[in-house]
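Below is one structure, written out as structure tokens; the observations come after it.
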Amino acid sequence: MKYQLQLVFKSQKFVTGFVIFAAVFLLILFYPLLVTKNPLEMTGGLFYKPGTYVSVTDAVDTQSYKINKDVVTGKLTKSVTAEEQQLMRDWLLNYCPEVKPEEVSDAKKAYDIIELWLQYYDKTVEMEGATKAVKNQYVRLYDKVENILESEGYIVSRKNAETGEMEEVAAIETKEFVNVKDIPNRVTFPLGTDNFGRDVLTELVAATRTSLKIGLLAGTVATAIGLTLGLLAGYVGGMIDNVITFITNMFTVIPSFIILILIASGLGQAGRGAMLVAVVIGFTSWPWTCRSVRAQTISLRNRDHVNLSKLSGHSLPRIVLTDILPYVASYVVMAYILQIASGILSEAQLSMIGLGPSTNKVATLGLMMNWAMQFQAPLSGAWWAFIPVVLSIAMISFSLNLMNTGLDQVFNPQLRE
């Protein structure tokens, strides 16, 4: 056993896959200890971007510091959209003969094109061929930029409790800054929020944990059924072999995912819990394990050590467990690893078509994908709602397949170096 483990951990592919899987496992193990909030708690709003959010009222009340920084450039660049910058370029090229096209093309940065447009823009210039709506659009854009340039700060007022009138309590200048660490109320969303306003990172960790549970349970059920039937059919043979082979072929001919869809839809929305879905996935995923174990058992049942056990009067369970199972154990482990990956992918597929676990208490990777698609996260540009989920599924599947390939290289004599 010790020698076999040494061989396994000498495989670079197995070690790489094991390290990736262990990193994911440690993350889902220790992250909930550091972040104890409910992963499905709605703390934010619809598809908030990743970042740190601070309380505006706390920022006003926090001690400020004057920093000599050009705040106008940054504010203009952030406020003027790409479409508005294109409008400025169009005006300079089409309605301002004083500006050469080279000057416009040389203005690569946002502030450069804004500055060039402000230098030449004139409301009184005749814009031949332009509609009144287009002309008003340029006027509004000019007023917007001018307000930003002329802004000297803000006045903060508060209602007087006695008189009921608004009174000035503070004047905020443009070059006043606050230290974020001084603000008592701030929230960090490393991966933003989803369509329900939930912290995506916290939800992703919880969903990965649930999906791994589903994969482990589905893999256990599938491997247990496939191993039991495969050993029984391969060793006993005869009528039992024919019956098991017939059932296996029937499951093989009909795509397992179609059977999975039929069973999941038959359970109904109220009956589809996460663990029940895992059992259903395992129940539909055993045929290929059964076929492979049966083939290997047939090749082992007439070996000398098995015949010796028969002559010694050993019972069928003892022969199967002590003389056959150890020789197929390495393959069973590899099949189990693949069944786990298959279970996770099957749950994701079911959830994507709305037949996954029906629950508001836990999340899965498939459910997160389903929610992101239903609420049009791709169209909203909210990549953080689905890209991390896709990467998590890919990383887990990739690590498990790497581990399986590494084990195959170690235990398969034809692939062994």
Next on the checklist: Once each part is reduced to its C-alpha centroid, what is the distance from the stretch 221-267 to the stretch 114-131 in angstrom?
Outcome noted: 75 Å
Checklist outcome for this item: Mean-square fluctuation maximum in Gaussian network of the chain, Cα pairs under 10 Å, restricted to A224, A107, A59, hits A107
Checklist entry - So if we plug the beta-carbon distance of Q374 and H305 into 1/(1 + (r/R0)^6) with R0 = 45 Å, what FRET efficiency do we get, rounded to 0.05? => result 0.20
Checklist outcome for this item: Among V279, V71, N242, the residue whose Cα sits farthest towards the positive end of the charge dipole of the chain (+1 at Cβ of Lys and Arg, -1 at Cβ of Asp and Glu, taken about the Cα centre) is N242
Next on the checklist: Please give the charge dipole size of the chain, origin at the Cα centre, charges +1 on K and R Cβ atoms and -1 on D and E Cβ atoms. Round to the nearest 20 debye.
Outcome noted: 2760 debye
Checklist entry - Measuring from centroid to centroid over Cα atoms, what is the spacing of the stretch 280-320 and the stretch 137-184 in Å? => result 79 Å
Next on the checklist: Restricting to Cα pairs below 8 Å that are 6+ residues apart, what does the relative contact order work out to for the chain? Please round to a whole percent.
Outcome noted: 25 percent
Item to check | Highest-first arrangement of 348-358, 278-288, 66-76, 371-381, where packing means the average Cβ count within 10 Å | outcome: 278-288, 348-358, 371-381, 66-76
Checklist outcome for this item: Of the candidates S312, L33, S157, the farthest towards the positive dipole end of the chain (Lys/Arg Cβ +1, Asp/Glu Cβ -1, centred on the Cα centre) is S312
Next on the checklist: Testing the spin-label approximation: label points 7 Å from Cα along Cα→Cβ at L267 and D182. State their distance in nm.
Outcome noted: 5.5 nm
Next on the checklist: Whole angstrom only: what separates the Cα centroid of the stretch 339-417 from the Cα centroid of the stretch 23-100?
Outcome noted: 31 Å
Item to check | Sequence-separation-based contact order of the stretch 271-417, relative, with Cα cut under 8 Å and 6+ spacing, percent | outcome: 25 percent
Item to check | Cβ-placed point charges (K, R +1; D, E -1), dipole of the stretch 65-184 about Cα centre in debye, nearest 20 | outcome: 400 debye
Checklist outcome for this item: Along the dipole axis of the chain (charges at Cβ: +1 for Lys and Arg, -1 for Asp and Glu; origin at the Cα centre), the most positive-end residue among L118, Q349, N147 is Q349
Next on the checklist: What is the angle, in °, between the Cα long axis of helix 110-120 and the longest principal axis of the Cα atoms in the chain? Nearest 10 is fine, range 0 to 90.
Outcome noted: 20 degrees
Checklist outcome for this item: Nearest 10, in degrees from 0 to 90: the angle of helix 256-267 to the longest Cα principal axis of the chain is 70 degrees
Item to check | Mean separation of Cα contacts under 8 Å (6+ apart) over length of the stretch 65-184, as relative contact order % | outcome: 30 percent
Item to check | Formal net charge of residues neighbouring G192 (Cβ-Cβ distance under 12 Å; K, R +1; D, E -1) | outcome: -1
Checklist entry - Around Y235, what is the net charge, scoring Lys/Arg as +1 and Asp/Glu as -1 over all other residues with Cβ under 13 Å from its Cβ? => result +3
Item to check | Equivalent ellipsoid, the stretch 65-184 (semi-axes from 5 times Cα gyration tensor eigenvalues, Å) | outcome: 37, 20, 11
Checklist entry - If one puts a single equal scatterer on every Cα of the chain and applies the Debye formula without solvent, what log₁₀ I(q)/I(0) results at q = 0.06, 0.08, 0.12 Å⁻¹? => result -0.48, -0.70, -1.07
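Read-outs throughout are calculated quantities, based only on the coordinates presented, and are distinct from any laboratory measurement. Since the model is a prediction, treat every value here as computed from it, not as a measurement. Every residue, glycine as well, gets a Cβ built from its backbone with ideal geometry; the counts of neighbours run over all protein chains shown.
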